[in-house]
Amino acid sequence: MLVQSDAALRKLAGLYPYDNWEGHEHEMTLRSGGEEVNDELEREIRERLMIAGINVIEARINYIAYSEEIAGAMLRRQQATAVVAARFKIVEGAVSMVEMALEQLSVKGIIDLDEEKKAAMVSNLMVVLCGDKDPNQIINTGTLQH
């Protein structure tokens with residue numbers, strides 16, 4: 001019975017990913033599958049043990065443990081996914097802020113920027129807004145015209 005239950009669980013673990021790593025929210029996983037995964041496990045164990053005359057009333061996954069190496073790799077992947085999502089939002093916000101800055105400078109006639117100076121300003125703003133460290137302040141004592 002233990003061997004067949006273990007085999008059923010291993011089969012189930014091979015059919016479904018642990019979690020939605022790539023953002024495929026529609027994909028059923030061991031972690032989010034809930035009742036569907038438990039029903040599938042129960043069906044699989046019932047089929048395996050019916051031959052021996054054992055009636056399975058209920059089967060549930062209540063704890064999933066992975067080896068230290070796999071758990072560490074899964075955690076690093078989860079963290080990397082979170083970092084990429086956060087960076088995406090940061091860049092999205094920075095681009096919006098740069099667009100707004102250029103538009104306001106133009107509308108208010110504060111300064112006329114040629115394409116080269118716009119590119120330099122965009123580059124500087126993106127570095128400041130997207131950087132993961134605080135920027136160092138630079139005081140320009142010369143002219144911007146050379």
Under Karplus coefficients 6.51, -1.76 and 1.60, residue-wise ³J(HN,Hα) of the range 68-77 in Hz, glycine/proline x: 4, 5, 5, 4, x, 5, 5, 5, 4, 5
Neighbour-limited loop hits for trypsin sites (Lys or Arg not before Pro), the range 92-126 (at most 10 other Cβ within 10 Å; DSSP other than H, G, I, E, B): K108
S123, S5 arranged by Cβ crowding within 10 Å, fewest neighbours leading: S123, S5
Tilt relative to the chain, helix 2-15 - C-alpha long axis, 0 to 90 degrees, to 10: 30
Within straight-line cross-link reach of K133, lysines at Cα separation under 27 Å, skipping those fewer than 8 residues along the same chain: K89, K117, K118
HN-Hα J in Hz across the range 48-57 - Karplus 6.51, -1.76, 1.60, θ = phi - 60°, x for Gly and Pro: 5, 8, 4, 4, 8, x, 8, 9, 8, 8
Alpha carbon Rg of the chain, scaled by the compact-globule rule 2.2 N^0.38 Å: 1.91
Part-to-part distance (alpha-carbon centres) for the range 1-17 and the range 65-94, which is given in Å: 28
DSSP-assigned coil residues among GluC sites (Glu not before Pro) in the range 1-78, each with at most 14 further Cβ atoms within 10 Å: E22, E25, E27, E58
Chymotrypsin sites (Phe, Trp or Tyr not before Pro) within the range 60-135, DSSP loop, no more than 15 other Cβ atoms inside 10 Å: Y63, Y66
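Each reported figure results from applying straightforward, stated rules to the coordinates on display, with no laboratory input. On a predicted model such as this, the values are computed, not experimentally measured, just so you know. Heads up, the Cβs are rebuilt from the backbone with ideal geometry, glycines too, and the neighbour counts pull from every protein chain shown.
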